[in-house]
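Structure record follows, encoded as structure tokens.
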Amino acid sequence: MLAAKIATRTARHRSWVRLASTATAPSSYKVVVIGGGAGGLAVSSTLSKQLGKNEVAVIEPSETHYQQPLFTFVGGGLKRFEETYRPTSDVIAPEAQWINQAAAQIDPDSNTVTLADGTKVAYEYLVVAAGIELDFAGIKGLESAIGKNGVASNYSPRYVQKTFEFLQGVKEGNALFTMPATPVKCAGAPQKIAYLADELFREKGVRDKVAVGYYTALGKIFAIEKYANAMNEVARSRDIGVNLFHDLVEVDGATKKATFKVLGAGPQAGETVTVPYEFLHVTPPMKPFDFIKSSAISNAAGFVDIDKGTLQHTKYPNIYSIGDCSSLPTSKTAAAAAAQSSVLKYNLLNQIRGTNAPAAEYNGYTSCPLVTGKNKLVLAEFSGYTGAPHETFFFDQAKEHAFSYWVTADALPAVYWSSMLKGTWHGPATIRKFANPTAKN
């Protein structure tokens, strides 16, 4: 059935020196991948090997690739910032052509992508893996306050080291941690740093003088009930205040005050609450990139409109999408992108080769490792489509475990560099068959 759905809708070697101009590169490719993040590289590495040199291009403006899941550990003082990045030239497959520019426009009717310098790149097939844009300007006063005034964010390589620096200086007052109302990548990160900060304050002997508060615009601490119950208990046991339906709308760095708008349907809905802070960790609002939002490939919310099973576009059969920029109704994580990449590559390669094979279907799998302290972690794994837990190991992953911490802090970072970016890691389904044989894959 899925193969029929795809069939019905269907009627270069990497430069070792950064390109000075796209004029030196081919202007047309079999496959163009927009985005050199985790999802884009997982796809382009495999496709470029399968299709050959100069057949796949990766449009990516950044010369540095960051392993973003490690940022929480850097902010908590548990990892060095230097462990989180490598040159983009080192992680793009040698068979792929790196176009070191930003995409500015997608024209799906002419099968072209316009780059920031006005150059057009033609494609036969397009994979959109552009990620999601951090919108620091979406909160009044944040741009002028962040990086100083006790304000930091683990979501940006520019500010992540400020988190631990500022936390070390806190001796009393309020330490606030926020989660916005918009979709975000790694939705567990806003609260993870609160638990690490709590542990740090206890080690420094100042916890009794510091009030730790988690302010989320959402109506619950975590989307999946099993893990929400676990995180509520962690927060309760550590005296971390959880404030639901509180959306950060303004930061006054000069006076160190944060203003929240109360959402929901309660008696305070629509009102604002201003809280003084000594430290403020901000998860910025996030939004689709303008070049996607303004294109015919986007849905009403600005995300690439794809079938949630096949990852193929609902209107343009030669377009696919993966990860944070897609319309997939699941949590935006690297774990989700790994699982999605397997489905996307299988279906796209079959389409390119004209193979009439049954289509692969993505089941919404995602994972959110919730660090709760040094050597402690709740390993949330679930389907974003059904809300059902989908755990890899035999033990209850809603419980804090040192093993779960090791997997997240040490094993998975190695897998990321050595396997995921090379297109050979598609998630833990194979491990699950042995480590939790009673679970469905």
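The values are calculated or read from the model by the stated rules, or taken from the named source; none is laboratory data. The shown structure was predicted, so the numbers you read here are calculated from the model rather than taken from an experiment. Note: ideal-geometry Cβ built from the backbone for every residue, glycine included; neighbour counts use all protein chains shown. To get the accessible areas, we keep the full protein, side chains included, count just its heavy atoms, and leave off ligands, DNA and RNA. Shrake-Rupley method; radii C 1.70, N 1.55, O 1.52, S 1.80 Å.
Within the range 130-154, residues that are under 27 Å from Ala337 (Cβ atoms) and part of a helix (DSSP H, G or I) have Cβ atoms under 8 Å from residues that are open to solvent by 30 Å² or more (accessible area, probe 1.4 Å) and not aliphatic (A, V, I, L, M) in these pairs: Phe136/Glu143; Ala137/Glu143; Gly138/Thr182; Gly138/Lys287, counting only partners at least 6 apart in sequence or on another chain.
Contact map, the range 181-210: first residue closer than 30 Å to Gly302 by Cα, second residue open to solvent by 40 Å² or more (accessible area, probe 1.4 Å) and among the charged types (D, E, K, R), Cβ cut-off under 7 Å, separation 6 or more or different chains; pairs are Thr182/Lys287.
Counting only residues that are part of a helix (DSSP H, G or I), of a type in the set (Asp, Glu) and more than 11 Å from Gly75 (Cβ to Cβ), which one in the range 163-213 is most open to solvent (accessible area, probe 1.4 Å)? Among residues in the range 163-213 that are part of a helix (DSSP H, G or I), of a type in the set (Asp, Glu) and more than 11 Å from Gly75 (Cβ to Cβ), the one most open to solvent (accessible area, probe 1.4 Å) is Asp208. Whether a residue is under 27 Å from Val415 (Cα atoms), at pLDDT 95 or above, crowded, with 24+ Cβ neighbours inside 10 Å and charged (D, E, K, R) was assessed, and Lys308 does not pass this test.
Candidates in the range 23-51 are the residues that are in contact with a Lys or Arg (Cβ under 9 Å, 6 or more places away or on another chain) and either surrounded by fewer than 13 Cβ atoms within 10 Å (Cβ to Cβ) or over 23 Å from Ala337 (Cα atoms) (or both); of these, the one that is modelled with the lowest pLDDT is Ala25. Against the test of being modelled with pLDDT of 95 or more, over 18 Å from Lys185 (Cα atoms) and either of a type in the set (Ser, Thr, Tyr) or surrounded by 15 or more Cβ atoms within 10 Å (Cβ to Cβ) (or both), the options Val127, Val160 yield a single qualifying residue, Val127.
Among the residues of the range 324-337, is any at pLDDT below 95, farther than 17 Å from Thr430 by Cα, assigned to a loop (DSSP other than H, G, I, E, B) and not aliphatic (A, V, I, L, M)? Within the range 324-337 (the criterion being at pLDDT below 95, farther than 17 Å from Thr430 by Cα, assigned to a loop (DSSP other than H, G, I, E, B) and not aliphatic (A, V, I, L, M)), the answer is no, since none of the residues qualifies. Counting only helices (runs of 4 or more DSSP H) that sit completely within the range 381-440, those holding 1 or more residues that are open to solvent by less than 20 Å² (accessible area, probe 1.4 Å) and in contact with a Leu (Cβ under 8 Å, 6 or more places away or on another chain) correspond to 402-406, 412-415. With respect to the conditions (1) in a loop (DSSP other than H, G, I, E, B); (2) open to solvent by less than 40 Å² (accessible area, probe 1.4 Å); (3) not aromatic (Phe, Trp, Tyr), Cys368 lacks only one, and its number is (1). Exactly one residue among Ser326, Ser331, Ser294, Ser321 is polar (S, T, N, Q), under 25 Å from Glu124 (Cβ atoms) and open to solvent by 10 Å² or more (accessible area, probe 1.4 Å), and that residue is Ser294.
Comparison of Glu95, Glu133 shows that the only residue that is under 30 Å from Phe73 (Cβ atoms), at pLDDT 95 or above, crowded, with 16+ Cβ neighbours inside 10 Å and among the acidic types (Asp, Glu) is Glu133. Residues in the range 70-91 that are in contact with a Ser or Thr (Cβ under 8 Å, 6 or more places away or on another chain) and either open to solvent by 40 Å² or more (accessible area, probe 1.4 Å) or within 30 Å of Phe201 (Cβ to Cβ) (or both): Leu70, Phe71, Val74, Gly75, Gly76, Tyr85, Arg86, Pro87.
For first residues located in the range 298-320 and more than 13 Å from Ala359 (Cβ to Cβ), partners that are of a type in the set (Phe, Trp, Tyr) and open to solvent by 20 Å² or more (accessible area, probe 1.4 Å) and lie 6+ apart or on another chain with Cβ distances below 7 Å form the pairs Asn318/Tyr125. Within the option set Thr255, Thr283, Thr216, being of a type outside the set (A, V, I, L, M, F, W, C) and more than 26 Å from Lys332 (Cβ to Cβ) holds for one residue only, Thr255.
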